[in-house]
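Participant: Take a look at the following structure, please.
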């Protein structure tokens, strides 16, 4: 075969792999059987849905290179701590002041942290994702073995959610991972934590900022947010500090007393009973050491990355400072 023919064949195979539907995919067929047997789903509707669902290679590519894992903190920070994101965070705060103040009173979560989550996730509702959720979740459930089990469950929750809320599963859009709305909730989180905060009869995190605000706060509280407590503090280290527990995203279990014995002490004075996670980040000016407290860990339940949690924290601080200065 000539080089040009090989090239065309390669393009044809790539196109077929990239654009194929899930009409006859074995895993999709097994999933349909499960939905019919366990939830009484309409088989014909599901067959039609998965006939239209498309494999997306770009989703697999994105899953294999998330910024949370491949970028150093100094580079990751630049994505989210920007003048534009801070300025639009102040605008979102002003526009939604009533709901945000109600949320803070109801849940005890500081306004700036809910604003920062929505700012990091979707630029305050401006960038909620261009992938059809059915394509994203089908691709990851059926053609991403590393996390197939997780995304198959999310696909199940997605179809149950659309049934409950009378939504068309073929039309809803979200991120490459299937996250949705202002706060980028996965379907299981939507079903578990989304709230109808304005009492209009539906928990709508796609188009209703009030519901999105209440839902993010509810997610925080349900994952252990401690009202009135710090999130993360600077740490001093000794020359012989232990690196064993550094950057481990586990629930804080070591007290400041125990961490001091391993070479970490908080810069501000704090109770020695407080528990924390030691962090080491590569900042713009060099290595930084921090102690992540329970509220820091709560933020990582939203996205399992200490860089993500630090970005949310620092964006929240910048937005709060802007409001104090008359924003």
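Participant: Are there any pairs, at least 6 apart or on different chains, whose C-beta atoms fall under 7 Å, with the first in the stretch 279-300 and touching a residue at least 12 places away in the same chain (Cβ under 8 Å) and the second assigned to a helix (DSSP H, G or I) and surrounded by fewer than 16 Cβ atoms within 10 Å (Cβ to Cβ), and if so, which?
Facilitator: If the second residue must be assigned to a helix (DSSP H, G or I) and surrounded by fewer than 16 Cβ atoms within 10 Å (Cβ to Cβ), the pairs left are 282/74; 283/74; 284/74.
Participant: Return only the number of the condition from (1) over 30 Å from residue 214 (Cβ atoms); (2) touching a helix residue (DSSP H, G or I) at 6+ places or on another chain (Cβ under 6 Å); (3) modelled with pLDDT of 95 or more that residue 103 does not satisfy.
Facilitator: Going through (1) over 30 Å from residue 214 (Cβ atoms); (2) touching a helix residue (DSSP H, G or I) at 6+ places or on another chain (Cβ under 6 Å); (3) modelled with pLDDT of 95 or more one by one, residue 103 breaks only (1).
Rundown of residues vs (1) under 26 Å from residue 164 (Cα atoms); (2) part of a helix (DSSP H, G or I); (3) touching a residue at least 40 places away in the same chain (Cβ under 8 Å), yes/no style:
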site: 58; (1), (2), (3): no, yes, yes
site: 65; (1), (2), (3): no, no, no
site: 76; (1), (2), (3): no, yes, yes
site: 86; (1), (2), (3): no, yes, yes
site: 90; (1), (2), (3): no, yes, yes
site: 99; (1), (2), (3): yes, yes, yes
site: 128; (1), (2), (3): yes, no, yes
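Participant: Which ones in the stretch 39-70 are within 20 Å of residue 22 (Cα to Cα) and exposed (fewer than 11 other Cβ atoms within 10 Å of the Cβ)?
Facilitator: 44, 61 - these are the residues of the stretch 39-70 that are within 20 Å of residue 22 (Cα to Cα) and exposed (fewer than 11 other Cβ atoms within 10 Å of the Cβ).
Participant: Further question on the same structure: Restricting attention to helices (runs of 4 or more DSSP H) lying wholly within the stretch 138-243, give those where 1 or more residues are within 22 Å of residue 311 (Cβ to Cβ), without any contact (Cβ under 8 Å) to a residue 40 or more places away in the chain and in contact with a helix residue (DSSP H, G or I) (Cβ under 9 Å, 6 or more places away or on another chain). Give the derivation first.
Facilitator: Details: elements: 148-164, 187-193, 209-222.
The qualifying helices (runs of 4 or more DSSP H) are 187-193, 209-222.
Participant: Return yes or no: is residue 166 surrounded by fewer than 22 Cβ atoms within 10 Å (Cβ to Cβ) and either modelled with pLDDT under 95 or at positive phi (or both)?
Facilitator: Taking the combined requirement at face value, the residue satisfies it.
Participant: I'd like the residue in the stretch 221-244 that is over 24 Å from the mean Cα position of the chain (by Cα) and surrounded by 14 or more Cβ atoms within 10 Å (Cβ to Cβ) and, out of all such residues, is nearest to residue 111 (Cα to Cα).
Facilitator: 235
Participant: Still on this structure, please answer the following. Looking at the stretch 127-145, can you tell me whether even one residue there is surrounded by fewer than 20 Cβ atoms within 10 Å (Cβ to Cβ), at negative phi and within 18 Å of the chain's Cα centre (by Cα)?
Facilitator: The answer is yes, given that some residue of the stretch 127-145 is surrounded by fewer than 20 Cβ atoms within 10 Å (Cβ to Cβ), at negative phi and within 18 Å of the chain's Cα centre (by Cα).
Participant: Considering only the stretch 261-326, give the strands (runs of 3 or more DSSP E) lying wholly within it that have at least 2 residues that are more than 24 Å from the chain's Cα centre (by Cα) and surrounded by 18 or more Cβ atoms within 10 Å (Cβ to Cβ).
Facilitator: Fully inside the stretch 261-326 and qualifying: 264-266.
Participant: Suppose the filter is within 26 Å of the chain's Cα centre (by Cα), at pLDDT below 95 and either loosely packed, with under 14 Cβ neighbours inside 10 Å or within 29 Å of residue 247 (Cβ to Cβ) (or both); does residue 84 pass it?
Facilitator: No, not satisfied.
Participant: Here's something else I'd like to know. Is it true that residue 108 is at pLDDT 95 or above and touching a strand residue (DSSP E or B) at 6+ places or on another chain (Cβ under 9 Å)?
Facilitator: Spelling it out, it is not the case that residue 108 is at pLDDT 95 or above and touching a strand residue (DSSP E or B) at 6+ places or on another chain (Cβ under 9 Å).
The values are calculated or read from the model by the stated rules, or taken from the named source; none is laboratory data. Fair warning: this is a prediction, and the values are worked out from it, not measured in the lab. Positions of Cβ are generated from backbone atoms using ideal geometry, with glycine treated the same way; all protein chains shown enter the neighbour counts.
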